[in-house]
1. Looking at B:Asp191 and the list (1) touching a helix residue (DSSP H, G or I) at 6+ places or on another chain (Cβ under 6 Å); (2) at pLDDT 75 or above, which single condition is not satisfied?
2. In region A:225-258, what count of residues is obtained for those that are among the hydrophobic types (A, V, I, L, M, F, W, C), touching a Gly at 6+ places or on another chain (Cβ under 9 Å) and in contact (Cβ under 8 Å) with a residue 40 or more places away in the chain?
3. Hey, does region A:166-177 have a residue that's without any contact (Cβ under 8 Å) to a residue 24 or more places away in the chain and within 16 Å of ligand 2 (Cβ to nearest atom)?
4. Could you please give the count of residues in region A:37-62 that are part of a loop (DSSP other than H, G, I, E, B) and away from ligand 1 (no atom under 11 Å from the Cβ)?
5. All but one of (1) assigned to a strand (DSSP E or B); (2) crowded, with 18+ Cβ neighbours inside 10 Å hold for A:Glu66; which doesn't?
6. Taking region B:72-118 as the search range and keeping residues that are basic (Lys, Arg) and farther than 25 Å from B:Asn23 by Cα, which one is nearest to the chain's Cα centre (by Cα)?
7. Which is assigned by TED's automatic domain parsing to the domain that holds A:Met63, open to solvent by 50 Å² or more (accessible area, probe 1.4 Å) and out of contact with any Ser or Thr (no Cβ under 8 Å at 6 or more places or on another chain), of A:Arg111, A:Arg136, A:Arg131?
Amino acid sequence: MSRNSGRVGYDADKEIDAIVVPEGNGDGSGVMTGKGLDVGTANLLSAVHNHSGNPTVKRERNMFLEIPSEFQKNKKMLTQLNVPYVSYRERLFVLGDAAFNLANMFGKDVRRPMSDGFLHPQEKEAIPMLRFIVERLLGQPAAKDEPVFFCVPAASIDVQNDIIYHQGVIEGLLKKLGYTPHAINEGHAVVYSELAEEDFTGIGISCGGGMFNVCVSYKSIPAVTFSVCRGGDWIDQHVAKVMGVPPTRVTDMKEAPGLDLNQPRSREEEAIVLYYRNLIEYVLKNLAHRFAMAQDVPRFSDPVQIVVAGGSSMVGGFVDVFAEEMSKVELPLQVAGVRLAEEPLTSVVRGCLIAASME
Amino acid sequence: MKDEDRQRVASVIAANSQPVTLNDLAQRGDRKFRVISMNDTLELIEAVVDDVINKGTADVSQEKRQQFIDEANTQFQQVAKIQAKSQETISQQQEVITAQQAQIERLEEEKHDLKNKYEAQRGEAAEFEQANYQHTQSLDRAREELAQARQREQEAAANVEQISRRLANARETILNYDREIDRLVAQIKDDATLIEKLRVQLHEREHEIGRVKGLMEALHQEVTAARAKSAIEPESIHELRGELVEMKAFLKSLEKQNGHEAPAIEALLQRIAQKEADTKSDAEDRFNSKLSDTLDKIGHAINAATAKPVDSHVDAASVYISKLFDEEGVMESNLSNLDIQATTAKQSISSSLERLKTLRSKASKAVEGDGDTEKK
Ligand SMILES: Nc1ncnc2c1ncn2[C@@H]1O[C@H](COP(=O)(O)OP(=O)(O)OP(=O)(O)O)[C@@H](O)[C@H]1O
Ligand SMILES: [Mg+2]
């Protein structure tokens, strides 16, 4: 445990519980520096410390929409409507949730800087747009070269992907914004935020929009990490195709409260459930396959706990279906149980912040 | 003049003239006419004759009379000749007119033919125009498609260029990666031997721990046996027992003073229990710290083996990103004017952080020491 000494007018023992001893950021606020950033296919999140132990989290959808340049004249109006825009060489883009809502309203398709967990090499505007959203979430560094821990997916076992390009670009972006970037594996971040009770031993799974990321950890050390290139987006695309609606409409239905994998209430929900089950089955089969192949999977003496997090795990009945499908595959380890993270959407970013605070 | 003469004159006129319609005259080109009736003509002649007759005396001789009549006849013949001449002219002109009429008719026919031809050609022209219009349109379309194709070609070329640039970067990256892999392979080889060594050590330690655990178990049993005042008294318990007997004797003496034997024995038993616990926790501590050390080493090895050497690749990306930030000027946004909604996470990270730190500090006592010196 460490703490900067010599701070004036600050009684750490009074304000902060005895467990966490924060490192000051030098501005006298007594709030620890270091930030967490979840770079996800569907969502971008940032987390920073505040005076409580519960971090402050900001979220924005990782999307943008080009709108007709006639709107150039109405930029003031966009600002009044709290719609974030970027105008770039006579072209006008709306970012984040606003883009999602506008696209949904007008039945258009949004554009996405990332797909299947990685930056889209074909999407020309990907990096500029990502940069603006990241800047919006992180703001200015609180101190010079403040560390930012951002998550990167593990290599996929079903698709080849370019981790180097992806990670390099994000690091470059963060450096340009004045931060010191550090990468952390996405599943490992889930282990950090969810498996403390188990002494960081077990399996953390981030069920995202573009992929499912798995990390097998022993005493906080990642022994095996890998990913599968399917996630919520895969469901959206397939349901959209069979129902003949834009994918964003499906996203909307899927995220609406009340959807339960065990009790679909309409034809649309039935389609979603069908693909959800298929996805879970696919992920678990791949997991079993990976484990069967691997010599690096540690042998645990006790049954291990699995924690699922990420947006795609939030649908009603997810854990039940997951456990049900898991009983159908053979795993070379004993599972104590499957648990849903308390706040699945922020799990990864909280893990990133924990990592940043260990610096 | 006698009626007989008049009639003769009239028949001469009729024989030497020809009826002509006004229309014919007009067609001949004559526009103005003097009209004189047959009666007037006869009267004129009669007057001339009478005049000639009356010129002489009433007693004109038969010879003279004949002379007058001959003169008159001659005159009349001249007039008639003139008339016949004009008649010839008229019929000549009539022929001309007929010829011209035929000409006109021919021309009329030709005109009609031409008109027909013209109509036919106009129809053809309209068709041609329609075809031409369609042709122009398809030409325009083709032109547009060509432009699009060109555009696509350009885009493709740009793409290819971009891809080849990325390929070049990737090649560089791969080269670096290869170098790094070579280094890592060497390192992994070292690490593998290290891990193997550690595994052997761990195994030995597990043995040792097992042995210590066995010992502790035995000790525990002995103590329990001692507590139960069992008949079996191993060496060590015998010693303890000796101690206990001594203590008891001491306590007896105390008892004599104040009669409180039980609490003292209790205290003594506690001391024995404490000793046992100490031995156990000591062994556990040693085990844990060894385990942590080992794990730490294994962890380092694993980290080193699975770490992605990305630093060497950032260069290409950072060049690109620098370019991106250079475009700052051409980008404009309202992001700095808008607030983004911030929420407080429901779940605290404090306990996770604390546990993680404990775990890490256990693994490295040196770090813990540093932490202590930093404390206020
Ligand atoms: N309540 C909900 N029910 C079902 N699905 C949800 C819910 N909320 C979000 N999702 C889905 O979760 C996905 C996004 O999750 P998350 O933010 O964890 O992914 P990500 O980190 O952006 O993607 P990745 O990690 O794959 O790159 C989307 O497909 C979204 O539609
Ligand atoms: Mg994610």
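The values are calculated or read from the model by the stated rules, or taken from the named source; none is laboratory data. Predicted model, so just to flag it, every value in this text is computed and none were measured. As a convention, Cβ positions derive from the backbone with ideal geometry for all residues, glycine included, and neighbour counts pool all protein chains shown. Surface areas here come from the heavy atoms of the whole protein model, side chains and all, with no ligands, DNA or RNA. Shrake-Rupley method; radii C 1.70, N 1.55, O 1.52, S 1.80 Å.
1. If we test B:Asp191 against (1) touching a helix residue (DSSP H, G or I) at 6+ places or on another chain (Cβ under 6 Å); (2) at pLDDT 75 or above, just (2) comes out false.
2. Narrowing region A:225-258 to residues among the hydrophobic types (A, V, I, L, M, F, W, C): A:226, A:228-229, A:234-235, A:239-240, A:242-243, A:245, A:250, A:253, A:256.
So of that shortlist, the ones also touching a Gly at 6+ places or on another chain (Cβ under 9 Å) come out as A:226, A:229, A:234, A:245.
Still in the running and in contact (Cβ under 8 Å) with a residue 40 or more places away in the chain: A:226, A:229, A:234.
Number satisfying all stated conditions: 3.
3. Scanning region A:166-177, I find at least one residue that is without any contact (Cβ under 8 Å) to a residue 24 or more places away in the chain and within 16 Å of ligand 2 (Cβ to nearest atom), so the answer is yes.
4. As a first pass, look at region A:37-62 and keep what is part of a loop (DSSP other than H, G, I, E, B): A:40-42, A:49-55, A:62.
Those still in the list that are away from ligand 1 (no atom under 11 Å from the Cβ) too: A:49-55.
Count: 7.
5. A:Glu66 satisfies all of (1) assigned to a strand (DSSP E or B); (2) crowded, with 18+ Cβ neighbours inside 10 Å except (2).
6. The initial filter retains those residues of region B:72-118 that are basic (Lys, Arg), namely B:81, B:85, B:106, B:111, B:115, B:117.
Next, from what is left, pick out any that are farther than 25 Å from B:Asn23 by Cα: B:111, B:115, B:117.
Numbers: B:Lys111: 61, B:Lys115: 55, B:Lys117: 53 Å.
Only one residue tops the list, namely B:Lys117.
7. Result of the check over A:Arg111, A:Arg136, A:Arg131: A:Arg111.
For every residue, the table says whether it meets (1) more than 14 Å from ligand 2 (Cβ to nearest atom); (2) facing chain B (nearest Cβ under 9 Å); (3) of a type in the set (Gly, Ala, Ser).
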position: A:Thr41; (1), (2), (3): no, no, no
position: A:Leu45; (1), (2), (3): no, no, no
position: A:Asn50; (1), (2), (3): yes, yes, no
position: A:Gly53; (1), (2), (3): yes, yes, yes
position: A:Met63; (1), (2), (3): yes, no, no
position: A:Pro68; (1), (2), (3): yes, no, no
position: A:Met77; (1), (2), (3): yes, no, no
